[in-house]
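**Q** I'd like to ask some things about the structure below.
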Amino acid sequence: MPNLPKNPLKVDLSQLNPAQREAVVSADGPLLVLAGAGTGKTRVVACRVAWLVARGVEPGAILAVTFTNRAAREMKRRIADMIPAAMAEPITVCTFHSFGARLLRLHIGRLGYAPNFDIANDAYVEGVVQSLLTELGLPANNPPTAVWKQCLSKAKASLLTPDEIAADDAGWPPGFERLYPRYIMRMKAMNVLDFDDLLSLVVRLWQEHPEVLEECRRQYRYLMVDEYQDTNHTQFVLTSLLAGAAANLCVVGDDDQSIYGWRGAAVGNILGFQDQFPKAKVVRLEQNYRSSNTILEAANQVIANNPRRHHKALWSRGGQGDKIMIVKAKNENEEAEFAASLVRERKAVRGGSLDQFAVLYRSNHLSRSLEDAFRRAGIDYCVVGAKSFCQRREVIDALSFLRLAANPRDDQSLLRVLNVPPRGIGDRSLGHLLELQRTLGGTLQELMVAGPFPQGLSAAAATAAGEFSRCLQEWRSRLRQPGGLAEKIRGYLREIGYLDGLARIYKPRQDAIRRRENVLELFNAAAELEDRRGSDATLGEFLELFTLRDDNDRVKGRLEGSVALMTVHAAKGLEFPVVIVIGMEHELFPHHNSLKEGGLEEERRLFYVAATRAREELYLTYAARRRVGGNESVRRVSPFVREIPVCHTIDTDVASAFKPASAETAAEYLTKMKEMFGAANN
């Protein structure tokens, strides 16, 4: 440990419980903090960072890695509340992907890429995959494009090379051994990285250029990783390489909340931490600050049925709380009506806003009957996980125009927007352009205005293509100049015909207006970046911020004043006073696909996450009969429901669920109603 400063900082640890304090002051060597749901892990990580600085660790030597931008912002805020701003600023708190992007900007030239690479979002990658499937004669719908894309991500997350894929018999779709190397070549030719590249290329960089790894180790001597249970193989390797022999590595997580195996998360990373670091210290955070003991004891009992886990037993000083109500409905419609009626009844009793309530479900399709019931009841709701801002077609198109201006090699963006709005350059002309590229080489932007391509177009289309290219070149130069980013973006999108062309693309007029408002929101975002960065704000930085933003960044704002309807996966990290979990049926929760694939343990962890979202009241509902695939079938209650001790539950049906209130509850209800009517009359 470095020498203490002459006037050491004082970090107040008095509000921490003993286990939290132990995690904070265990500074050197490997440390595993098993942080159960609602046990204050963010506070612990922030306090630990502040405590290290107070003990003389250089702020720039600390790296704290999270999984979401929102978590990184919250951690930065808490650290800044504990130590002077000048000391908090040099501390690196970021997501894995932001860290990778930052490092690759400095060193990716060693791997044959240009440092001004673009970062592709999901929509961009899907477009590249569709294009390559067509070129290779592979089916785009069997399997669907999304499955091909998922296989690409899985291969990169496993750090597999194209040669290893070709020799691997791991159930890849036929033809994947051809798609994988072609995809890597195409993305590199366009100087575009996908999200998986931001991690896998860092590992490759460090393995092929150990001097870069040593430089990073010298800089980041204290490493912390949040949500370690969600790390995949690449993140595991990246973390291990950076930790090195010194292994001043603190990982924080909860194996009982590892619910992302379907996208590559490996629960074995946290389960095997002590095997990797035999001298690791383990601290268990078990005191919960969120839920009642009834909810915690029920969740503990269910998750204890998983054989592979670190033992934890959550408890709270907040009291025993209400029993969990298990409600049987006749069918999915009665179940949805019950959820709406329950929200209305509990809001009348509790008062407050509708955002106290959340209805969770295992699969997205279950939201349909819920939405119908809430609409009929006149209850405001928000479906979390619906199409995010950056997934809207008009926003993707606008960002594609901007990517073209930033990257002359971006063929995929050119193909997307060359005829948006229509310029007389149809699919046949675009196919001819691609054929010329295969024959002559070069970028599509180069071929578009030279050689045989414009000669094959009508006079109007050739003129439009030439004007498009001229505008693009002119604004590319302007956008590279410092200052006025938001106004330049507006001018560029107007002159290239997109901003005013929305009325030609979208009908009716109201739809065009709504989509134009979404495009205008991009200008607001650019202006906000300018407010923070001044004339240093660049188009490349703007595009990177948009690409790396989280879908959940705007969740809390969307939920204000409305009931949250969401999948359990989307609810991770959130909490509500009242939670209703619907569809608690065998082969629905646990899901039949997971049962077939041997994923019962992850399904049980998913239920554990669902239950621990509730602070005060938890309701579990299931239907006796439900339509599945258009056919009605008899349903069985989920085994997870029956794993809850009966002393913590009340079994009932919809007809009996709303019993007459006690005199005390009735009096409280009448008082609230009088207050409501009084306010309305005033």
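**Q** Return the distance in nm (one decimal) between the two label points of a simple spin-label model at T145 and S353, each offset 7 Å from Cα along Cα→Cβ.
**A** About 3.8 nm, to one decimal.
**Q** Turning to a different aspect of this structure: Restricting things to alpha carbons, tell me how big the stretch 277-433 is in terms of Rg and Dmax, in Å.
**A** Cα only, the stretch 277-433: 25.6, 71 Å (Rg, Dmax).
**Q** Can I ask one more? Between A167 and E541, what is the FRET efficiency for a Förster distance of 45 Å, r being their Cβ-Cβ separation, to the nearest 0.05?
**A** My answer for the efficiency is 0.65.
**Q** Separate question: About the Cα centre of the chain, what is the dipole size in debye to 20, counting +1 per Lys and Arg Cβ and -1 per Asp and Glu Cβ, all else neutral?
**A** With Lys and Arg at +1 and Asp and Glu at -1, about 760 debye.
**Q** Using the eigenvalues of the Cα gyration tensor, what equivalent ellipsoid semi-axes result for the stretch 153-277 when each is taken as the square root of five times the eigenvalue, whole Å, largest first?
**A** Working: eigenvalues 147, 79, 28 Å².
Whole-Å semi-axes of the equivalent ellipsoid: 27, 20, 12.
**Q** R0 = 35 Å: FRET efficiency of R642 with N333, Cβ-based, nearest 0.05?
**A** The computed FRET efficiency comes out at 0.90.
**Q** Where the accessible area of the chain is counted over protein heavy atoms with a 1.4 Å probe, how much of it, in %, is carbon and sulfur?
**A** Answer for the chain: carbon and sulfur cover 50 percent of the accessible area.
**Q** Each residue of the stretch 49-57 in turn: what ³J(HN,Hα) in whole Hz from Karplus with 6.51, -1.76, 1.60 and θ = phi - 60°, glycine and Pro shown as x?
**A** Calculated HN-Hα couplings, in order: 4, 4, 5, 4, 5, 5, 8, x, 6 Hz.
**Q** Considering only protein heavy atoms, with the full assembly of protein chains and a 1.4 angstrom probe, order L499, L447 by accessible area, largest first. Each step should come with its number before you reach the end.
**A** Numbers: L499 0, L447 20 Å².
Descending order: L447, L499.
**Q** From the helices alone, meaning DSSP H stretches of at least four residues, give me the mean residue ellipticity at 222 nm for the chain, per-run term -39500 (n - 2.57), in deg cm²/dmol to the nearest 500.
**A** Numbers: 34 runs with 352 residues, N = 682.
-15500 deg cm²/dmol, from helical runs alone.
**Q** Leaving out ligands, DNA and RNA but keeping every protein chain, what accessible area does W315 have, in Å² rounded to the nearest 10, with a 1.4 Å probe?
**A** Surface accessible to solvent at W315 totals approximately 100 Å².
**Q** Let me ask you something else. Between (1) 200; (2) 246; (3) 296, which matches volume of the Cα convex hull per residue in Å³ calculated for the structure shown?
**A** The calculated read-out lines up with (1).
**Q** On a 1.4 Å probe surface of the protein chains, which of M185, M325 comes out largest in accessible area, and what is the full order?
**A** M185, M325
**Q** Same structure again: Given L485, L213, L285, which one lies farthest toward the positive end of the charge dipole of the chain, if we put +1 on the Cβ of every Lys and Arg and -1 on the Cβ of every Asp and Glu?
**A** L485
**Q** If R0 is 35 Å, what FRET efficiency do you get for Q276 and N593 from their C-beta distance, rounded to 0.05?
**A** Efficiency for this residue pair is about 0.65.
**Q** How do 33-42, 102-111 rank on mean C-beta neighbours within 10 Å, highest first?
**A** The packing order, highest mean first, is 33-42, 102-111.
**Q** Just to confirm the number: angle between the C-alpha axis of helix 485-495 and the first principal axis of the chain, 0 to 90 degrees, nearest 10?
**A** Tilt of helix 485-495: around 60 degrees.
**Q** Which value results for Rg/Rh of the stretch 40-137 when Rg is the Cα radius of gyration and Rh the Kirkwood radius based on the inverse mean 1/r?
**A** Working: Rg = 18.6 Å, Rh = 16.0 Å.
With Rh from the inverse mean 1/r over Cα pairs, Rg/Rh is 1.17.
**Q** Run the quick spin-label model on R509 and S633: label points 7 Å from Cα toward the beta carbon, then report their separation in nm to one decimal.
**A** Here the modelled spin labels are 5.1 nm apart.
**Q** Quote the accessible area belonging to L241 in square angstrom, nearest 10, computed with a 1.4 Å probe and with ligands, DNA and RNA left uncounted.
**A** Surface accessible to solvent at L241 totals approximately 40 Å².
**Q** Would you kindly find the accessible area of L520, with a 1.4 Å probe and non-protein molecules such as ligands, DNA and RNA excluded, rounding to the nearest 10 Å²?
**A** Near enough 50 Å² of accessible area.
**Q** Sort L415, L360 by heavy-atom solvent-accessible area, probe 1.4 angstrom, most to least.
**A** Per-residue accessible area, sorted high to low, gives L415, L360.
**Q** Let me ask something additional. Hey, if you put +1 on the Cβ of every Lys and Arg and -1 on every Asp and Glu Cβ in the stretch 495-654, which of I644, S535, P508 ends up farthest toward the positive end of that dipole?
**A** P508
**Q** Which log10 I(q)/I(0) values, to two decimals, does the stretch 281-341 give at q = 0.20, 0.24, 0.30 Å⁻¹ under the Debye formula with one point per Cα?
**A** Log10 I(q)/I(0), no solvent term: -0.85, -0.96, -1.17.
**Q** With no solvent and one point per C-alpha, what does the Debye sum give as log10 I(q)/I(0) for the stretch 81-211 at q = 0.09, 0.14, 0.18, 0.22 Å⁻¹?
**A** After summing over all Cα pairs, the log10 values are -0.32, -0.68, -1.01, -1.36.
**Q** Write down, largest first, the equivalent ellipsoid semi-axes of the stretch 1-95 in whole Å, where each equals the square root of 5 times an eigenvalue of the alpha-carbon gyration tensor.
**A** Its equivalent ellipsoid spans semi-axes of 19, 17, 13 Å.
**Q** Averaged per residue, what accessible area in Å² does the chain show with a 1.4 Å probe, protein chains only?
**A** 45
**Q** Restrict the search to the stretch 230-284; then list the trypsin sites (Lys or Arg not before Pro) that DSSP places in a loop and that have at most 14 other Cβ atoms within 10 Å of their Cβ.
**A** K279
**Q** Among rounded, prolate and oblate, which fits the stretch 422-515 when a ≥ b ≥ c are the square roots of the eigenvalues of its C-alpha gyration tensor, a/c under 1.5 means rounded, and a/b larger than b/c means prolate?
**A** On the way: a/c = 2.53, a/b = 1.33, b/c = 1.91.
Cα axes put the stretch 422-515 in the oblate bin.
**Q** Now for a different question. Could you give the angle, 0 to 90 degrees to the nearest 10, between helix 176-189's Cα long axis and the longest principal axis of the Cα atoms of the chain?
**A** Value to nearest ten degrees: 60.
The values are calculated or read from the model by the stated rules, or taken from the named source; none is laboratory data. Quantities reported herein were computed from a predicted structural model and do not represent experimental measurements. Backbone-built Cβ (ideal geometry, glycine too); neighbour counts: all protein chains shown. Accessible surface is based on the protein model in full, side chains and every heavy atom, while ligands, DNA and RNA are left aside. Shrake-Rupley method; radii C 1.70, N 1.55, O 1.52, S 1.80 Å.
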